[in-house]
Amino acid sequence: MRIPSLAHWKTSLVQTAGTSLLGEITLAGTISKSRGIRRDEPRVFGQWAIVYLVAGSGNYHDARGIDVPLRAGDVILVFPEVAHSYGPEPGGIWNELYVCFRGPVFESWRDAELFDVRNPVFHWKAPRIGLEILQPFFSKLNQPGQSMLEAVTMWQQILSRIFAPRSAKGAREHRPAWFLQAVDLLERAAADDEKMLRSIAEACGMGYESFRKKFATLAGEPPARYALMRRIERARQLLVRHRFTNKELAEMLGFHDEFHFAKTFKKLTGKTPRQAAMFPPDA
């Protein structure tokens with residue numbers, strides 16, 4: 001596929017076929033004058049996607065509370081399990097290029113913190129330059145004789161160019177020992193109330209208010225929300241693997257009751273626990 005010129009952007013689609021043990025590219029293409037995804041109807045996509053805004057502007061919002069404006073040259077990394085919305089302001093322009101993908105090799109990018117759910121939107125390159133980098137991948141995608149393994153390998157090379165500036169920046173950043181200790185404690189926390197947070201602040205040798213402010217600066221979200229999101233993520237993983245009831249999950253994960261758990265789960269993931277169990281992200 002030849003990527004359209006910026007002056008003559010159009011909607012086009014590359015359909016892919018085949019699988020590999022590492023993963024697969026499920027869909028790729030371009031959209032002209034997209035309406036995006038409505039904020040009042042957020043989507044949980046169920047797989048990874050890169051959305052590259054090549055013309056126009058708009059906004060991104062997700063269930064983690066991230067709400068940021070976008071401009072041409074920005075990239076959205078869609079996480080499989082995160083309810084999100086994006087698109088132009090009413091009457092605005094939104095031209096995009098996208099690639100959808102899934103599989104264990106891409107989960108390893110998350111494990112290595114190259115895919116950071118706290119920062120799903122960032123500026124990459126001016127569209128003219130970015131499209132030049134992407135064109136070889138689109139030209140070879142789904143050509144006769146090309147295997148899905150080759151396509152996945154090529155896409156990882158592109159991802160390395162998209163995320164290289166971010167990973168380099170992350171390598172330069174020093175995360176204080178207290179922050180790493182706090183993250184470890186919050187990951188294992190069975191609650192997100194003030195009593196629990198005060199105990200973690202004390203364990204880190206900090207006052208409560210100072211801990212809250214400094215953690216939010218480094219993590220991009222307050223410690224209470226960080227702990228809550230970790231509990232919801234554990235619930236999602238348990239639902240994929242076992243047939244737990246809402247009551248059982250609420251008790252295991254420290255929610256007030258099954259109704260509080262179900263309401264919170266739906267608010268943060270866009271699905272009810274039952275829907276998440278029936279349609280796991282990697283389905």
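A compact table of results
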{"read-out": "Residue, nearest to Leu70 (Cα to Cα), within region 26-56, restricted to residues that are of a type outside the set (Gly, Ala, Ser) and in contact with a Leu (Cβ under 7 Å, 6 or more places away or on another chain)", "value": "Leu53"}
{"read-out": "Some residue of region 103-120 being over 27 Å from Gln237 (Cα atoms) and of a type outside the set (Gly, Ala, Ser)", "value": "no"}
{"read-out": "Residue that is acidic (Asp, Glu) and without any contact (Cβ under 8 Å) to a residue 24 or more places away in the chain, where the choices are Glu41, Glu107", "value": "Glu107"}
{"read-out": "Residue in region 251-259 that is within 24 Å of Val44 (Cα to Cα) and surrounded by 17 or more Cβ atoms within 10 Å (Cβ to Cβ) present", "value": "yes"}
{"read-out": "Tally of residues being of a type in the set (Ser, Thr, Tyr) and within 30 Å of Ala7 (Cβ to Cβ) across region 93-120", "value": "1"}
{"read-out": "Set Ile31, Ile66, Ile50: member being buried (at least 18 other Cβ atoms within 10 Å of the Cβ) and either closer than 30 Å to Pro273 by Cβ or assigned by TED's automatic domain parsing to the domain that holds Ala224 (or both)", "value": "Ile50"}
{"read-out": "Residue in region 6-20 that is buried (at least 19 other Cβ atoms within 10 Å of the Cβ), of a type in the set (Val, Ile, Thr) and in contact with a Ser or Thr (Cβ under 6 Å, 6 or more places away or on another chain) present", "value": "no"}
{"read-out": "Among the residues listed as Ala191, Ala201, Ala227, Ala250, the single one being part of a helix (DSSP H, G or I), more than 14 Å from Phe265 (Cα to Cα) and not acidic (Asp, Glu)", "value": "Ala201"}
{"read-out": "Yes/no for Arg35 being among the basic types (Lys, Arg), in contact with a strand residue (DSSP E or B) (Cβ under 8 Å, 6 or more places away or on another chain) and part of a loop (DSSP other than H, G, I, E, B)", "value": "yes"}
{"read-out": "Yes/no for Gly18 being more than 20 Å from the chain's Cα centre (by Cα), in the same structural domain as Phe106 (by TED's automatic domain parsing) and not aliphatic (A, V, I, L, M)", "value": "yes"}
{"read-out": "Filter result (without any contact (Cβ under 8 Å) to a residue 12 or more places away in the chain and part of a helix (DSSP H, G or I)) within region 137-152", "value": "Glu150"}
{"read-out": "Scan of region 204-224 for residues that are in a helix (DSSP H, G or I) and surrounded by fewer than 20 Cβ atoms within 10 Å (Cβ to Cβ), ordered by number", "value": "Tyr208, Glu209, Ser210, Arg212, Lys213, Lys214, Ala216, Thr217, Leu218, Ala219, Ala224"}
{"read-out": "Residues of region 61-84 classified as part of a strand (DSSP E or B) and closer than 28 Å to Val152 by Cβ, total", "value": "8"}
{"read-out": "Any hit, region 91-104, residues being in contact (Cβ under 8 Å) with a residue 12 or more places away in the chain, among the aliphatic types (A, V, I, L, M), buried (at least 21 other Cβ atoms within 10 Å of the Cβ) and over 22 Å from Ser12 (Cα atoms)", "value": "no"}
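The values are calculated or read from the model by the stated rules, or taken from the named source; none is laboratory data. Keep in mind that this is a model prediction, so the values were computed, not measured. Cβ coordinates were reconstructed from backbone atoms using ideal geometry, including for glycine residues, and neighbour counts include every protein chain displayed.
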